[in-house]
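Visitor: Would you mind keeping the following structure in view while I ask a few things?
Any read-out appearing in this document is the output of simple, stated calculations on the displayed coordinates, not a laboratory observation. As the structure is a prediction and not an experimental result, all values here were calculated from the model. Note that we place each Cβ from the backbone using ideal geometry, even for glycine, and neighbour counts take in every protein chain shown.
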Amino acid sequence: MLRRAIPFCASRNARFGLRHKSSGGRRPKKKTYHRVAELDRVMELRKKPLMILQLTSLVQSQPHRSPLFLRDLEKNVGFVRKWAFMALIEKHPSVFRVAGTPPSVSLTARARTLAQEEAHVRASMEPLLVTNLRKLLMLCVDCKLPLQTVELVGPQLGLPSDFKDCLIPKYPQFFRVRRSRGRDCLLLEDWDSTLAVTSRETRLAQEGVVNMKANGDRRKVKISRDGNYLGPFAFKMNFPAGFRPNVGYLEQLERWQKLEFPSPYLNARRFDSADPKARKRSVAVIHELLSLTMEKRMTSAQLEAFHAECLLPSQLLLCLIKHQGIFYLTNKDEEDSD
């Protein structure tokens, strides 16, 4: 079973090695970022299904339900990826059907049936998508996001590609589109304090520890080797195999786990970014952002898009590396495929 950490897909050029300062002219000691083969393998295995879904969406998006001519495939996916899609069509005759002159690709009857079932499932999920979109806007300092950012993370949120036309106008009591600083932004119309509860707090409530005081139990207990502590301000930790923290690290982690911090749904401008409580709050904001997605993950570009709106740490990658056990980074780029 996979670790219950939240995977984060970093860009292909990201480097995960950290170097510590040293004196005396010695070479700085390099800190190893421990890999999780199972999570990396998941990212590799996702590539082919994602390509099938992308091609399926492309075929379905053709006007008047007409087939997609193979000669037009390059216009949509580019010259290089065209050949990968051509091989994909050939390998999956149960999904794609090629016929006609000039040749065109369409979905098989079975694939069309599955696509219709998927549409019904998406429709039933609409209340959840609307709630998560409201919570996403509530995390932002001005309760607004550029539409370009919403479009960027839309697939991770489960939003339909045409959400601007089919979803936003249906809920004028929640959303409004307004021009701000030369770009269209999605604004939150109604703040609902009942939604200002993080997934971490929900989990703790289910475990019955949400009302515990941070330092309420002063009994001397053995330091947890896995970094997990019972308390209202603690995060679920899951260290990768091979990571062997020493006692000093665990003692420091225990103090951090017990440290109180403000809610991610409070305005970030109210806090000093240098305050340890505010820094821990930033970790909670990232945790909540990822928790609002369907698969609890984002690419580096998607997460960076929230930098200004959520006042994320300036050195975001280093923040994620520092909190290994809460987040996981992988450079297995899902956009590429053999």
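Visitor: Can you bin the range 50-107 into rounded, prolate or oblate? Criterion: square roots of the alpha carbon gyration tensor eigenvalues sorted a ≥ b ≥ c, rounded for a/c under 1.5, prolate for a/b above b/c, oblate for the rest. Kindly include the intermediate steps, with their values, before the conclusion.
Guide: On the way: a/c = 1.23, a/b = 1.14, b/c = 1.08.
It is rounded, given that a/c, with a ≥ b ≥ c, falls under 1.5.
Visitor: Here's another thing I want to ask about it. Taking a ≥ b ≥ c as the square roots of the eigenvalues of the Cα gyration tensor of the range 126-193, is the shape rounded (a/c under 1.5), prolate (a/b larger than b/c) or oblate?
Guide: Working: a/c = 1.33, a/b = 1.08, b/c = 1.24.
The shape class here is rounded.
Visitor: Okay, moving on. Could you tell me which of rounded, prolate or oblate describes the range 194-323, using a ≥ b ≥ c as the square roots of the eigenvalues of the alpha-carbon gyration tensor, with rounded for a/c under 1.5 and, failing that, prolate when a/b is larger than b/c and oblate otherwise? All intermediate terms of the calculation are to be shown ahead of the outcome.
Guide: Values: a/c = 1.59, a/b = 1.33, b/c = 1.20.
Prolate, because a/c is 1.5 or more and a/b exceeds b/c.
Visitor: Something else now. Within the set K236/K322; K135/K258; K91/K296; K47/K82; K82/K296; K258/K322, which residue pairs have Cα atoms separated by over 19 Å?
Guide: On the way: K236/K322 15 Å; K135/K258 26 Å; K91/K296 30 Å; K47/K82 15 Å; K82/K296 30 Å; K258/K322 17 Å.
Pairs exceeding 19 Å: K135/K258; K91/K296; K82/K296.
Visitor: Something else: What does the charge count near L73 come to, summing +1 for each Lys or Arg and -1 for each Asp or Glu among other residues with Cβ under 12 Å from its Cβ?
Guide: Working: positive: R71, K75, R81, K82; negative: D72, E74.
Around L73, the charge tally is +2.
Visitor: Let me ask another. With label points built 7 Å along Cα→Cβ from the Cα atoms of A241 and D40, find their separation and express it in nm.
Guide: With each label placed 7 Å out from Cα toward Cβ, I get 1.3 nm.
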